[in-house]
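The values are calculated or read from the model by the stated rules, or taken from the named source; none is laboratory data. It should be emphasised that the depicted structure is a prediction, and the values quoted were computed from it without experimental measurement. All Cβ positions, glycine included, derive from the backbone under ideal geometry; neighbour counts span all protein chains shown.
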Amino acid sequence: MVDQTGQIYTIEGVSAAIIMLVTVYIILNTTTLYTPADTHVTDMQIQQLGTDALAMMDTANQINSTGVGVYQQKESDLETYLMTQNRSGFNTTFGKYLNTQYPLDSRQFQWNATVYYYNSTKGINSYPFAQSNQSTGREHYVSVTRWVHLVHPPPPIPTPMIDDRDQVVLLEVLLWRD
Amino acid sequence: MAGLTDDAQWIILLAFVISVSIFFLALIVNESVLVGQTTAESVLDLPKSDIQDMRDEVFRSLEINGAPVNTSDPTVNWANDMANLSINRKNAIVKIIDPTNNNNNLSDRWRPVSGEQVLLSYNNGVVNYSETFLYL
């Protein structure tokens, strides 16, 4: 005849075994999922930050009542930098918006900005605009873009020539954490 | 089992209950990682910023509305620039259309007349966005 003692030990043993097995299963699953999830979240944050910084730069600070026409009256910092090829001005303002931590010299983010334009005879072309640091090509960067309206090409026209006209160019910024 | 008594059954039962609750907490932690990943992916996939930026630029360009320097060829204008650059650099088809004028692309007619409708459409293969607004 089977003895009835030790039933609670049996139940405890079985449940402990199940809990341990399931815990191991969960731990293994969690570690395999963690890395891609982590990069996606930070990618999203950097992309949003970069887009917001460019949007802020492409918004006029105030109405310039002495400006000629709508363009000059509502000209944004970003448009001014591109029209005058002011690379250091772009770097200073963009860096100020991105790197909010103190001291300002210790840059948290690095970037490399390129301007893409459409030439009516030669097609799509580009020229490097501004960069905070030389990219090694191995950084995990995200790309943020902004359309910019130019009423005339920048003064030192890069080759191949930009059309001499009112046009829209695409500013593409590669952004990465240092 | 020698010396087995009925004492301490509450302790064992409580231990059992606590184990099960820890197990469910672990499940929740595990799910949260997955939720964070899919949310971030959805945000990255949806071109919200691209569409906002495109609208912004179209309104700005329509407002500026400077006379095209190259009047001999009206197809060379900012709307055409945006369409070409989008397809090359952003993998998106952007069209700025004037539906009241035989659905002409703005590329062919560089500026709409006041009171006309302008149709804005964006398609990157995943998200299709279109909008009609009145050009004031």
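Yes/no per residue for (1) in contact with a Gly (Cβ under 6 Å, 6 or more places away or on another chain); (2) at positive phi; (3) of a type in the set (K, R):
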residue: A:D52; (1), (2), (3): no, no, no
residue: A:V70; (1), (2), (3): no, no, no
residue: A:R87; (1), (2), (3): no, no, yes
residue: A:A113; (1), (2), (3): no, no, no
residue: A:G123; (1), (2), (3): no, yes, no
Quiz item: Do we find that A:D77 is at pLDDT 85 or above and acidic (D, E) in this structure?
Solution: yes
Exercise. Can you run down the residue pairs with Cβ atoms below 8 Å, 6 or more apart or on separate chains, where the first is in segment B:25-44 and more than 7 Å from chain A (Cβ to nearest Cβ) and the partner is surrounded by 13 or more Cβ atoms within 10 Å (Cβ to Cβ) and at pLDDT below 80?
Key: B:V29/A:T30
Self-check item: Search result, residues across segment B:45-54 that are in contact (Cβ under 8 Å) with a residue 12 or more places away in the chain and either at positive phi or surrounded by fewer than 16 Cβ atoms within 10 Å (Cβ to Cβ) (or both)
Solution: B:D45, B:L46
Quiz item: Quick one: A:T10 ticks every box in (1) exposed (fewer than 13 other Cβ atoms within 10 Å of the Cβ); (2) at pLDDT 85 or above; (3) closer than 30 Å to B:T39 by Cα bar one, so which box is it?
Solution: (3)
Practice problem: Among what's in segment B:1-24 and is more than 10 Å from chain A (Cβ to nearest Cβ) and modelled with pLDDT of 85 or more, pick the residue that is nearest to A:L28 (Cα to Cα). | Solution: B:F24
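Of all residues in segment A:152-178 being facing chain B (nearest Cβ under 9 Å) and in a strand (DSSP E or B), which is nearest to A:S88 (Cα to Cα)?
It comes out as A:E172.
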Exercise. Collect the residues in segment A:19-70 that are modelled with pLDDT of 85 or more, surrounded by 13 or more Cβ atoms within 10 Å (Cβ to Cβ) and either small (G, A, S) or within 24 Å of B:L27 (Cα to Cα) (or both), keeping them in residue-number order.
Key: A:I19, A:V22, A:T23, A:G50, A:A53, A:A55, A:A60
Quiz item: Does B:V20 fit the bill of being over 33 Å from the mean Cα position of the chain (by Cα) and exposed (fewer than 15 other Cβ atoms within 10 Å of the Cβ)?
Solution: yes
Quiz item: Is it the case that some residue within segment A:137-155 is out of contact with any helix residue (DSSP H, G or I) (no Cβ under 9 Å at 6 or more places or on another chain), β-branched (V, I, T) and farther than 23 Å from B:L46 by Cα?
Solution: no
